[in-house]
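Colleague: There's a structure below that I have some questions on.
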């Protein structure tokens with residue numbers, strides 16, 4: 001008898017709680033959505049990115065279109081045959097990452113080249129891991145990547161030479177040049193610190209993926225430069241740089 005009475009009391013309590021919850025839902029349906037929180041505008045580019053962007057626009061001219069801060073997921077999509085969970089996991093790895101600049105064809109707007117402007121922060125271990133992933137992802141999709149060290153001045157002729165193979169031929173004639181940049185970001189036609197060239201990286205001897213230049217932090221490779229597999233830590237393939245020179 002006591003057990004039945006306890007069960008009856010429990011059912012009454014659950015019923016009352018359910019009725020309160022339903023009433024709460026009905027009351028919320030008629031309420032407007034809360035207003036969004038306040039935001040403030042932030043700088044779209046850093047000072048170094050703005051300076052290089054102006055130089056890059058001049059170097060590209062009418063041979064291409066320059067886009068900045070392009071989300072990696074707008075350039076790449078996971079390959080098929082990996083299932084829904086594999087697709088979502090692969091997408092999550094690119095959804096929150098971006099590349100600094102992308103050059104597209106002037107007519108078809110098809111990406112031709114991605115550019116990363118590397119400052120001192122790219123020497124950090126966490127940034128190197130991110131850079132290695134981006135290198136491997138773009139390599140797997142067949143989209144070339146050029147890494148340019150951030151500098152105070154850039155050699156326009158050298159930068160144009162590196163970009164030439166990715167650009168459409170520019171029309172001849174007067175009036176084709178972009179307006180001059182400000183004094184703070186004016187480039188030098190005379191020799192200066194050269195822009196880093198996109199060196200051809202070897203393929204990993206273990207898995208065949210592209211390799212990236214790295215510098216050892218500890219152990220036998222401490223202080224030494226070497227080629228490491230871009231899929232690390234999945235693959236631990238490496239080559240000494242002297243072997244590929």
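Colleague: At 0.36 nm per residue, and after removing the present C-alpha to C-alpha distance, how many nm does the segment from residue 164 to residue 224 gain when stretched out fully?
Modeller: Taking 0.36 nm per residue and subtracting the Cα distance, the gain is 18.3 nm.
Colleague: Another question, then. Given 0.36 nm per residue, what is the gain on full extension from residue 109 to residue 69 after removing their alpha carbon distance, in nm?
Modeller: 12.8 nm
Colleague: A follow-up question, please. Using a 7 Å offset from the Cα along the Cα-to-Cβ direction at both residue 46 and residue 215, what is the distance between the two label points in nm, to one decimal?
Modeller: For the pair residue 46/residue 215, the computed spacing is 1.7 nm.
Colleague: Please give the peptides 150-160, 115-125, 81-91 ranked by average Cβ packing (other Cβ atoms within 10 Å per residue), highest first, as a rough proxy for protection.
Modeller: By packing density, highest mean first, the sequence is 150-160, 115-125, 81-91.
Colleague: Still on this structure: Would you calculate the separation in nanometres between label points at residue 121 and residue 88, each defined as 7 Å from the Cα along the Cα-to-beta-carbon direction?
Modeller: It works out to 3.0 nm between the two label points.
Colleague: Using alpha carbon coordinates only, what is the Rg to Rh ratio of region 31-97, with Rh defined as the Kirkwood radius?
Modeller: 1.16
Since every read-out is calculated from the coordinates, none of them should be taken as a lab result. The structure presented is a predicted model; accordingly, all values stated were derived computationally and were not measured. We place every Cβ from the backbone using ideal geometry, glycine too, and count neighbours over all the protein chains shown.
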